[in-house]
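Undergrad: There's a structure below that I have some questions on.
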Amino acid sequence: MKNERYELKAEASLMVFEFVSEGPKGRIFKLVQFGETNLKDVYNLAFGDKDPVTGEINDSIVSDNKDSEKVLATVVATVYAFTDKYPHAWIYATGSSKSRTRLYRMGLTKYLKEIIEDFELYGQNEGKWQDFEKGVEYDAFLVQRKND
């Protein structure tokens, strides 16, 4: 994705990234976190606003700072950075709600041509994984960087 994106801060392990969304609702701190799962080389991608009190991700807030394209491009940049460091990683993602998962599917569909140049992309439908296709509703997504 060649879209404009926010500047990222990351810890050395590249498991947690932080950036600031800027828009009509002000500066909103965002977090992207890659968490280990009980499956080897499978990481959960968590994304949301940074809670100002706990410092944790709040993935249920709808901040609507009118910068969704820039935020999406920034999250994608974290996936590239993470898979540069962990080239065999599979990244699992789903929304915190059905509408959020739909929003993620729409973003993946919009940039599908670019995504499949660098990643294997799958969608989960009724408990089964399949190659991601436009127009299909999915419950979750799985990506892995193509290793040339």
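Undergrad: Considering only the stretch 8-26, state which residues are outside any strand (DSSP E or B) and exposed (fewer than 13 other Cβ atoms within 10 Å of the Cβ).
TA: Within the stretch 8-26, Glu11, Ala12, Ser13, Pro24, Lys25 meet the criteria.
Residues checked against (1) at pLDDT 95 or above; (2) surrounded by fewer than 15 Cβ atoms within 10 Å (Cβ to Cβ); (3) in a loop (DSSP other than H, G, I, E, B); (4) within 15 Å of the chain's Cα centre (by Cα):
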position: Tyr6; (1), (2), (3), (4): yes, no, yes, yes
position: Ile28; (1), (2), (3), (4): yes, no, no, no
position: Val53; (1), (2), (3), (4): no, yes, yes, no
position: Val71; (1), (2), (3), (4): no, no, no, yes
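Undergrad: A follow-up question, please. Please pick out the residue among Asp67, Asp41, Asp49 that is closer than 22 Å to Phe141 by Cα and surrounded by 14 or more Cβ atoms within 10 Å (Cβ to Cβ).
TA: Sole residue among the options that is closer than 22 Å to Phe141 by Cα and surrounded by 14 or more Cβ atoms within 10 Å (Cβ to Cβ): Asp49.
Undergrad: Please give the number of the condition Val62 fails out of (1) among the β-branched types (Val, Ile, Thr); (2) surrounded by fewer than 18 Cβ atoms within 10 Å (Cβ to Cβ); (3) closer than 22 Å to Thr109 by Cα; (4) in contact (Cβ under 8 Å) with a residue 40 or more places away in the chain.
TA: So the condition that Val62 fails would be (4).
Undergrad: Could you check Val75 against (1) of a type in the set (A, V, I, L, M, F, W, C); (2) modelled with pLDDT under 95; (3) part of a strand (DSSP E or B) and say which number it fails?
TA: Against the list (1) of a type in the set (A, V, I, L, M, F, W, C); (2) modelled with pLDDT under 95; (3) part of a strand (DSSP E or B), Val75 comes up short only on (3).
Undergrad: Kindly list the number of the only condition in (1) over 12 Å from the mean Cα position of the chain (by Cα); (2) not in a loop (DSSP other than H, G, I, E, B) that fails for Ile91.
TA: Against the list (1) over 12 Å from the mean Cα position of the chain (by Cα); (2) not in a loop (DSSP other than H, G, I, E, B), Ile91 comes up short only on (1).
Undergrad: Turning to a different aspect of this structure: Could you please find all residues in the stretch 94-108 being under 13 Å from Leu142 (Cα atoms) and part of a helix (DSSP H, G or I)? Even if it seems obvious, please write down each step before you answer.
TA: Taking the stretch 94-108 as the starting set, the residues that turn out to be under 13 Å from Leu142 (Cα atoms) are 94-95, 101, 104-105, 108.
Scanning the stretch 94-108 gives Thr101, Tyr104, Arg105, Leu108.
Undergrad: Further question on the same structure: When the residues of the stretch 99-148 are narrowed to those that are at pLDDT below 95 and small (Gly, Ala, Ser), which ends up surrounded by the most Cβ atoms within 10 Å (Cβ to Cβ)?
TA: If we take residues in the stretch 99-148 being at pLDDT below 95 and small (Gly, Ala, Ser), then Gly107 is surrounded by the most Cβ atoms within 10 Å (Cβ to Cβ).
Undergrad: Still on this structure, I have one more. Within the stretch 91-148, can you find the residues that are in contact (Cβ under 8 Å) with a residue 40 or more places away in the chain, among the hydroxyl-bearing types (Ser, Thr, Tyr) and over 23 Å from Asn38 (Cβ atoms)?
TA: Across the stretch 91-148, the qualifying residue is only Tyr111.
Undergrad: Could I ask something else about it? Can you tell me how many residues within the stretch 2-57 are touching a residue at least 24 places away in the same chain (Cβ under 8 Å) and of a type in the set (Val, Ile, Thr)?
TA: Summing the residues that are touching a residue at least 24 places away in the same chain (Cβ under 8 Å) and of a type in the set (Val, Ile, Thr) in the stretch 2-57 gives 5.
Undergrad: Can you find a residue that is under 27 Å from Ile61 (Cβ atoms), exposed (fewer than 15 other Cβ atoms within 10 Å of the Cβ) and either polar (S, T, N, Q) or touching an Asp or Glu at 6+ places or on another chain (Cβ under 9 Å) (or both) anywhere in the stretch 89-98?
TA: Scanning the stretch 89-98 turns up at least one residue that is under 27 Å from Ile61 (Cβ atoms), exposed (fewer than 15 other Cβ atoms within 10 Å of the Cβ) and either polar (S, T, N, Q) or touching an Asp or Glu at 6+ places or on another chain (Cβ under 9 Å) (or both).
Undergrad: Let me ask another. Looking only at the stretch 109-148, which residues are part of a strand (DSSP E or B) and farther than 22 Å from Glu69 by Cβ?
TA: Step one: list which residues in the stretch 109-148 are part of a strand (DSSP E or B), which gives 119-125, 128-131, 140-145.
Residues satisfying the conditions are Glu120, Tyr122, Gln124, Asn125, Lys128, Trp129, Gln130, Asp131, Ala140, Leu142, Gln144, Arg145.
The values are calculated or read from the model by the stated rules, or taken from the named source; none is laboratory data. Fair warning: this is a prediction, and the values are worked out from it, not measured in the lab. Reconstructed Cβ throughout: ideal geometry from the backbone, glycine too, with neighbour counts over all protein chains shown.
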